[in-house]
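Beneath this line is the structure, given in structure tokens, with notes to follow.
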Amino acid sequence: RTQRQVSLPINNAISEVGHVHLYLQELGQGVQHLASRVGDLPRLVQRANERREAIGAGLSFLPIPRSYYGAITVKQLSREADIQSGLAESCLASLRAAGFVDSAGIVELDCTREQILAALPKEAPEHIAEHVLRARYRNLRLLAGDVLNEETYLSIVRNRILLDVQDGDLLLQIFTTNILQRSAGEEAPFLEFIQRICSKRQNPTSGEPLPIRPGCGGFGIRNFLTLFLSIEAAKTSRSLAEAEQAGDVEGVLHYGRMLELFSAQLEESSPILTDITDAMTAEAAALEAGDDSKVKQHRAEKAHGQQELQKLSTKYRDLMAELRRNHHAKATALAA
């Protein structure tokens, strides 16, 4: 394979929940999206964003919540900076007051070490600033480690790019908002852009370089769920903005809570998806080695991860259903 082929995968809805089912229901069979591989995804997205801002037209991309990339909490800061929880709480309170950390623990992307140090309490050790700044891309770094430098991490966050890792290989991925849309609110096709960063491997016996595997970095298994949640979060954000503009206090509370649930599901699902990805990688290696017992073991691990993911999905589906019921009941009571 030269990795220049065109692939035509077929997506089929496995349930009545999700983007694929809605697409088929509204538009029927057809091309859902086109994917293209590029050499420098952050640069492409940055240029597209700058062009859209300059001329008022062009590609726009799916808004990924900042919580996907990382946030900071009292418990996290206390543990990672090795400080008492009281001091961690005082530090975050000071940073919030200075406008460098919001109520959800999201750190201002363009703040500097000097600004953080100036905002921290006098008794706070200087190394806390490093943990605060790293929280801007903490989740990405947990996945990719030191493969990428801070500048690249921040470029990924600034351009709201998705990242996935499989067996040391990285996948950068982004989706546009709908294109060729007939009217607002209807399903429509979209574009996908990816960049693969393939690790250099050697034969453990001979030391000779191994060929780059087709599809290195995987296909964004974590990001399928992120895509769905982000689509729903974007819709909810619009509803929240409308409620705020209309002065609908109950609506603001309702849609704000919905956004919290989407972010929480995203955070809780990440380690489960990591386990599934690791099991898939190990299964492929076992198949290549002809080790049937290992294949069976890793398939069982993958199945277990899928079961855990389904449990989590059910949990948040029920929480969302309860939230909607309560909102409907309050609306009905007010109308009466």
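Straight-line cross-link reach from K122 at under 26 Å between alpha-carbon atoms covers these lysines, not counting any fewer than eight positions away in the same chain: K75.
Counting only DSSP H runs of at least 4 residues, each contributing -39500 (n - 2.57), and dividing by the residue count of the chain, the helix-based mean residue ellipticity at 222 nm comes to -18500 deg cm²/dmol. Mean-square fluctuation check for the chain, GNM, Cα pairs under 10 Å: which of A71, A54, A144 is largest? The residue that fluctuates most here is A54.
Of all DSSP-defined beta bridges confined to the chain, some 75% are antiparallel rather than parallel.
Span-like helix criteria (full DSSP H runs; alpha carbon extent of at least 20 Å along the helix axis; mean Kyte-Doolittle hydropathy of at least 1.0) are satisfied in the chain by no helix.
For the chain, the list of Cys residues with no other Cys C-beta under 4.7 Å reads C91, C111. For the pair T177 and I221 in one chain, pulling the backbone fully straight at 0.36 nm per residue adds 13.9 nm over the alpha carbon distance.
Using a Gaussian network model on the chain with a 10 Å cutoff between Cα atoms, which of V157, V38, V249 fluctuates the most? With Cα springs under 10 Å in the chain, the top fluctuation among V157, V38, V249 is at V249. Listed by chain and number, the lysines placed with their C-alpha closer than 25 angstrom to that of K330 are K235, K315; residues fewer than eight positions away on the same chain are left out. Neighbours of Q32, meaning other residues whose beta-carbon lies under 14 angstrom from its beta-carbon, give a summed charge of -4 when Lys and Arg score +1 and Asp and Glu score -1.
All of the numbers you see were taken from the coordinates with simple rules; none came from a lab. Small disclaimer: the values here were computed from a predicted structure and weren't measured. In this analysis, Cβ positions are derived from the backbone assuming ideal geometry, glycine residues included, and neighbour counts consider all displayed protein chains.
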